[in-house]
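Below you'll find the structure, written out as structure tokens, and then a few comments.
Just so it is clear, none of the values below were taken in a lab; they were calculated from the coordinates. Only a predicted model underlies this, so the values are computations on that prediction, with no experimental measurement involved. Backbone-built Cβ (ideal geometry, glycine too); neighbour counts: all protein chains shown.
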Amino acid sequence: MDIKHYMQQVGEQARAASRMIAAADTGIKNDALLAIAAALDASRKELLAANAIDMAQGEKDGLDSALLDRLSLGDKGIDAMIEGLTQVAALPDPCGEISDMKYRPSGIQVGKMRVPLGVVGIIYESRPNVTIDAASLCLKSGNATILRGGKEALHSNQAIARCIQQGLEQVGLPATVVQVIETIDREAVAELITMSEYVDVIIPRGGRGLIERIANDATVSVIKHLDGICHVYIDDQADEEKAFNIAVNSKTHRYGVCNAMETLLIAEPIAAVMLPRLVNAYRDKDVELRGCEKTCALVDGILPATDSDWQTEYLAPILSIRIVSDMQAAIDHIGQYSSGHTEVIVTENITRARQFMTLVDSSAIIVNASTRFADGFEFGLGAEIGISTDKIHVRGPVGLEGLTSQKWIVFGDGHIRT
């Protein structure tokens, strides 16, 4: 296969399809999503057979149990994809929404209209369900999309792609609104991330290595986050019970997720009261603890933290702990080490909470709740295609609105500029 020629063709088809899906009304897009759901339901046998091929190859290649678990589809996985499609169909359509209309002194009316980005390229690993998640959100937001899944899920993704194309064609939309790359050749990714004439934005989903490579090599704009180094700061005016529950949940609810706490910061005046209880709770859950000098002096058996610990997204039952003098010291630590994902303050002092929210520069700032709420579904987006720690064009969970932009619109009635 001539990869360059193949990707050029994919890009041309996506650009042409993007104009058609941008013009589609909400009803047609919803019909397409439901038709895709019906196609998935009718193709269970084919989907499971394709996934079985990927699973067998994954076992042969020595994939670990966690990767195999993400790769596995099963009837429950198919049910979840169908449910996801129906949920996205029920979400409000952001396209065409007009806001901020104002009369200018000249008499014209000026405002903004929400519009699709155009063509979205999404590069992801392992999980075949991401194919449906990405396709559904891009379709509902009026974008054409080019999907490049991991080699581990090649057969599963192609089987899902056939269902997507069937659903699109059933409602009169071109199958090329959603294209799933048919090759595992890495050159296809290199082409995709540099096709600025056809692709408007790239969204990588996967490990740090993948995202870092895409961010470094792409000439197309990238929506990304590299790390989720999330902090919880327990203020000396925190409610002890709230602080305990939030600090435990933020770390132990799930370990391998980007919105899990990786560093606990605790104000020195309450450290002697709070830390021993928290340490016992973490040890009950087999969390390895690494602490600053003050932490190690206060509680026995904690490993000394190094500077690299404050910079590490563990994605594992490991936690770094630092005792800080006050809120400003916590803010300084976060400013130095945060990846810009999610930060929490636990305090009953509303003035300090507001200061923390103002001074900490991350995509999500949470007061008196777990880091685990930094999630598109929990934020009311219905679904998300990923998390962005960039400052432009979108921050935090990327849902339907994040897959759109705005253009200025002006209403006049024969007005001319004098």
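Sparse packing (at most 12 other Cβ atoms within 10 Å of the Cβ) combined with a DSSP loop state is found for the following GluC sites (Glu not before Pro) in the range 182-249: Glu197. For Thr194, the residues whose amide H sits under 5 Å from its own are Thr219, ignoring neighbours fewer than 5 places away on the same chain, with H placed 1.01 Å from N. Derived scalar couplings between HN and Hα for the range 40-46 equal 4, 4, 6, 10, 4, 4, 5 Hz in order, rounded to whole Hz, by the Karplus curve 6.51 cos²θ - 1.76 cosθ + 1.60 (θ = phi - 60°), x for Gly and Pro.
Rounded to whole numbers, the Karplus 3J(HN,Hα) couplings from phi for the range 232-243 are 10, 10, 9, 6, 6, 10, 7, 6, 4, 5, 4, 4 Hz, using 6.51 cos²θ - 1.76 cosθ + 1.60 with θ = phi - 60°, and x at Gly and Pro.
From least to most packed, judged by other beta carbons within 10 angstrom and beginning with the fewest, Leu71, Leu47 follow the order Leu71, Leu47.
Which of the trypsin sites (Lys or Arg not before Pro) across the range 272-351 are loop residues per DSSP, with 16 or fewer other Cβ within 10 Å? Answer by residue number: Lys285. Give the shape of the range 230-378 as rounded, prolate or oblate, defined through the alpha-carbon gyration tensor: a ≥ b ≥ c are the square roots of its eigenvalues, a/c under 1.5 means rounded, and otherwise the shape is prolate if a/b is larger than b/c and oblate if not. Rounded is the answer for the range 230-378, as its axis ratio a/c remains below 1.5. Using just its DSSP H runs of length 4 or more, each adding -39500 (n - 2.57), the chain gives a mean residue ellipticity at 222 nm of -14000 deg cm²/dmol after division by all residues.
For the chain, set up a GNM with springs between Cα atoms under 10 Å and report which of Pro317, Pro105, Pro116 has the largest fluctuation. It is Pro105. To the nearest Å, what is the center-to-center distance of the range 63-102 and the range 203-231, using C-alpha atoms only? Spelled out, the Cα-based centre of one part sits 21 Å from the other. Residues whose amide H falls under 5 Å from that of Ile409, counting only those 5 or more places apart or on a different chain, are Gly111, Lys112, Met113, with hydrogens built in the peptide plane. With volume of the Cα convex hull per residue in Å³ defined as stated, name the option among [x] 118; [y] 173; [z] 210 computed from the structure displayed. The value matching this structure is [y]. Applying both filters, DSSP loop and at most 15 other Cβ atoms within 10 Å, to the GluC sites (Glu not before Pro) of the range 355-405 gives Glu378. Residues considered: Gln406, Gln165, Gln336. Largest GNM mean-square fluctuation over the chain, using C-alpha springs under 10 Å, is found at Gln336.
Counting neighbouring Cβ atoms within 10 Å and putting the fewest first, the residues Thr26, Thr263, Thr219, Thr295 line up as Thr219, Thr26, Thr295, Thr263. Backbone phi angles across the range 311-327, fed through the Karplus curve with coefficients 6.51, -1.76 and 1.60 (θ = phi - 60°), yield HN-Hα couplings of 9, 10, 8, 6, 6, 7, x, 9, 9, 9, 10, 10, 8, 10, 5, 6, 4 Hz in residue order; Gly and Pro are listed as x. Working note: Cα atoms of the range 129-201, range along each principal axis, descending, whole Å: 33, 29, 17.
Exposure proxy shown here: for Arg127, Arg417, Arg354, Arg213, the number of other Cβ atoms within 10 Å sets the order, fewest to most, as Arg417, Arg354, Arg213, Arg127. Residues whose amide H comes within less than 5 Å of that of Glu288, counting only those at least five positions distant or on another chain, are Ile318, Leu319 (H built at 1.01 Å from N in the peptide plane).
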